[in-house]
Amino acid sequence: MSSSGHVTPRRELPSTVAAAVPVFVLVLVMWAQEIVDSLPNVDLDQYGIRPRTDEGLVGIAAAPFLHGGFDHLMANTGAFLVLGVLIAVTTRRFWWVTVGVAVLGGFATWLVAGANTVHIGASGLVYGYAAFLVAWGVLSRRVLSVVVAVVVVLMYGGIVVGVLPGQPGISWQGHLFGALAGVVMAVVLRPADTRRRTTQQHLG
C-alpha cells in the first residue's frame with residue numbers, strides 16, 4: 001500500500017510471457033546438467049533409461065535432461081524451445097504434456113528398447129510436443145490450434161524419419177513412444193467442448 005493509502009497494483013508478467021517461463025527454466029536445467037557432466041570424473045549419462053533394469057527406471061525422469069555432449073544438447077534445444085513455448089502459450093497445458101510424455105514415452109522405451117542400451121536426450125519430449133500440437137489442432141478444431149498444427153508439420157515434418165528403426169546411435173524407440181505419448185496427451189487433455197461434440201457424433 002502506498003503512503004497516501006491507495007493500493008498499488010501489483011506488476012505481473014504478461015500472461016504469455018509467464019506461461020513460457022517454465023520452458024526456459026527446463027532448458028537452463030539441461031544446460032546446467034551438461035556443464036556439470038563435462039567435468040572430470042563425472043558421468044551423469046549413466047542415469048538414462050536402461051531398459052528393463054530397476055536402476056534404469058530413474059531414467060524416465062532423468063533422461064530428458066541428459067545429453068551426449070553439447071552438440072546433442074544444441075540439436076534439441078531449438079526445437080524444444082519453439083514447440084514448448086507453442087504448447088505453453090496456446091494451450092496452457094505445458095506441464096501436463098511434459099510430464100505425460102516423459103512418463104508414458106519413457107516407460108514404454110524402458111519396457112521395449114534393446115537390452116544393454118542407455119537412452120538419453122530431450123528428443124523424446126520434442127517428438128511428443130510436435131505430435132501433441134498436431135493432434136491438438138485436429139481434435140480442438142480451433143483456428144489458432146489448426147494454424148499451429150500446420151506450422152509444426154511444415155517446420156518439423158521431416159523428423160518423422162527419426163521414429164524408424166535401424167539408425168545407429170539414435171533412440172528411435174524414444175522418438176516413437178514420445179510421439180505416441182504426445183497424441184495420447186492431446187486426446188486426454190482435449191477441450192471439454194470437443195469431448196461433448198465427439199460424444200454427440202458417436203451417439204447420432
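The values are calculated or read from the model by the stated rules, or taken from the named source; none is laboratory data. All values derive from a computational prediction rather than experimental measurement. Neighbour counts are summed over all protein chains in view; Cβ atoms, including those assigned to glycine, are modelled from backbone coordinates with ideal geometry. Heavy atoms of the whole protein, side chains included, go into the accessibility calculation; ligands, DNA and RNA do not. Shrake-Rupley method; radii C 1.70, N 1.55, O 1.52, S 1.80 Å.
Condition test on residue 188, is it over 19 Å from residue 64 (Cα atoms) and either of a type outside the set (S, T, N, Q) or surrounded by fewer than 17 Cβ atoms within 10 Å (Cβ to Cβ) (or both)? If you could, list the steps in order and put the result at the bottom.
Details: over 19 Å from residue 64 (Cα atoms): yes; either of a type outside the set (S, T, N, Q) or surrounded by fewer than 17 Cβ atoms within 10 Å (Cβ to Cβ) (or both): yes.
Answer is yes for this residue.
Any idea how many residues of the stretch 152-182 are touching a residue at least 24 places away in the same chain (Cβ under 8 Å) and either open to solvent by 60 Å² or more (accessible area, probe 1.4 Å) or of a type in the set (D, E, K, R) (or both)?
2
Any chance you could count how many residues in the stretch 173-204 are farther than 15 Å from residue 93 by Cβ, under 17 Å from the mean Cα position of the chain (by Cα) and modelled with pLDDT under 95?
Here the count works out to 0.
Suppose we filter the stretch 61-84 for residues that are surrounded by fewer than 20 Cβ atoms within 10 Å (Cβ to Cβ) and within 22 Å of residue 187 (Cα to Cα); how many remain?
1
Within the stretch 122-146, which residues are part of a loop (DSSP other than H, G, I, E, B) and open to solvent by less than 20 Å² (accessible area, probe 1.4 Å)? Lay out the reasoning, then the answer.
Keep residues of the stretch 122-146 that are part of a loop (DSSP other than H, G, I, E, B), which gives 122, 141-142.
Within the stretch 122-146, 122 is the sole residue that qualifies.
For the stretch 88-96, check the following and say yes or no: at least one residue is closer than 30 Å to residue 46 by Cβ, open to solvent by less than 50 Å² (accessible area, probe 1.4 Å) and either touching a Phe, Trp or Tyr at 6+ places or on another chain (Cβ under 9 Å) or part of a helix (DSSP H, G or I) (or both).
As a first pass, look at the stretch 88-96 and keep what is closer than 30 Å to residue 46 by Cβ: 94-96.
Next cut, open to solvent by less than 50 Å² (accessible area, probe 1.4 Å) only: 94.
This time we only want the ones that are either touching a Phe, Trp or Tyr at 6+ places or on another chain (Cβ under 9 Å) or part of a helix (DSSP H, G or I) (or both), so: 94.
Yes; the residues of the stretch 88-96 include at least one that is closer than 30 Å to residue 46 by Cβ, open to solvent by less than 50 Å² (accessible area, probe 1.4 Å) and either touching a Phe, Trp or Tyr at 6+ places or on another chain (Cβ under 9 Å) or part of a helix (DSSP H, G or I) (or both).
Determine if the stretch 101-111 includes at least one residue that is surrounded by 19 or more Cβ atoms within 10 Å (Cβ to Cβ), farther than 19 Å from residue 67 by Cα and of a type in the set (Gly, Ala, Ser). Step through it out loud before you land on a result.
Let us first name the residues in the stretch 101-111 that are surrounded by 19 or more Cβ atoms within 10 Å (Cβ to Cβ), namely 101-102, 104-106, 108-110.
Still in the list and also farther than 19 Å from residue 67 by Cα: 104, 108.
Within this subset, residues satisfying the condition of being of a type in the set (Gly, Ala, Ser) are 108.
Taking every residue of the stretch 101-111 in turn, at least one turns out to be surrounded by 19 or more Cβ atoms within 10 Å (Cβ to Cβ), farther than 19 Å from residue 67 by Cα and of a type in the set (Gly, Ala, Ser).
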